[in-house]
1. If I model a spin label as a point 7 Å beyond the Cα along the Cα-Cβ vector, how far apart are those points for Val103 and Ile53 in nm?
2. Provide Rg and Dmax in Å for the range 1-49, with only Cα atoms included in the calculation.
3. Cα extents of the range 66-117 along the three principal axes, largest first, in whole Å?
4. Kindly state, to the nearest 0.05, the FRET efficiency for Glu82 paired with Glu62, given R0 = 35 Å and r defined as their beta-carbon distance.
5. Suppose R0 equals 22 Å; then what is the FRET efficiency for Leu71 and Met42 from their Cβ-Cβ distance, rounded to the nearest 0.05?
6. In square angstrom, rounded to the nearest 10, how much accessible surface does Val64 have for a 1.4 Å probe?
Amino acid sequence: HKRLESLCHKYGHSLFTFGSSSKKRPFRVILGRLFSGQLLDMQEFDVKDYMPIQKFGGLKRESVLGSKPLLVFQGTAFESDERLKRTKSLLIDFFGGPTPEKVMLDGIDNVVVCSTFDTPATGNAAAASTEMP
């Protein structure tokens, strides 16, 4: 991870994304962040049933430069499971930015929905799904 840290330092970034696909590990996306120039955390996501944004119906308007998506986290596991708490924090860092004082509903052009499927008896997350159109 030292090489990764040096690349992020060289370009002045504290967040990174890496996508790869191999026979052994097909369709993976890795998100990570650094703190004080050192790797804080990194998570690998398996991409399944990928669909490009052009395949989604609805309005065909362009995103506004500088806009950020609305983030929705569904499921109690994002508050109770430590791994999913870190995932939520990482995704908020990636897609967040400054917190606006007001939100114009007409300005929301993308939504990122992250869902967990809680088991009825225990409330524990059986699986986590992240949809990013």
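1. My value for the distance between the label points is 1.9 nm.
2. In order Rg, Dmax, the Cα atoms of the range 1-49 give 12.0, 36 Å.
3. 33, 19, 16
4. FRET efficiency, Glu82 to Glu62: 0.35.
5. Taking R0 as 22 Å, the efficiency between Leu71 and Met42 is 0.65.
6. Near enough 100 Å² of accessible area.
The values are calculated or read from the model by the stated rules, or taken from the named source; none is laboratory data. Keep in mind that this is a model prediction, so the values were computed, not measured. Backbone-built Cβ (ideal geometry, glycine too); neighbour counts: all protein chains shown. Side chains included, ligands, DNA and RNA excluded: accessible areas come from the protein's heavy atoms. Shrake-Rupley method; radii C 1.70, N 1.55, O 1.52, S 1.80 Å.
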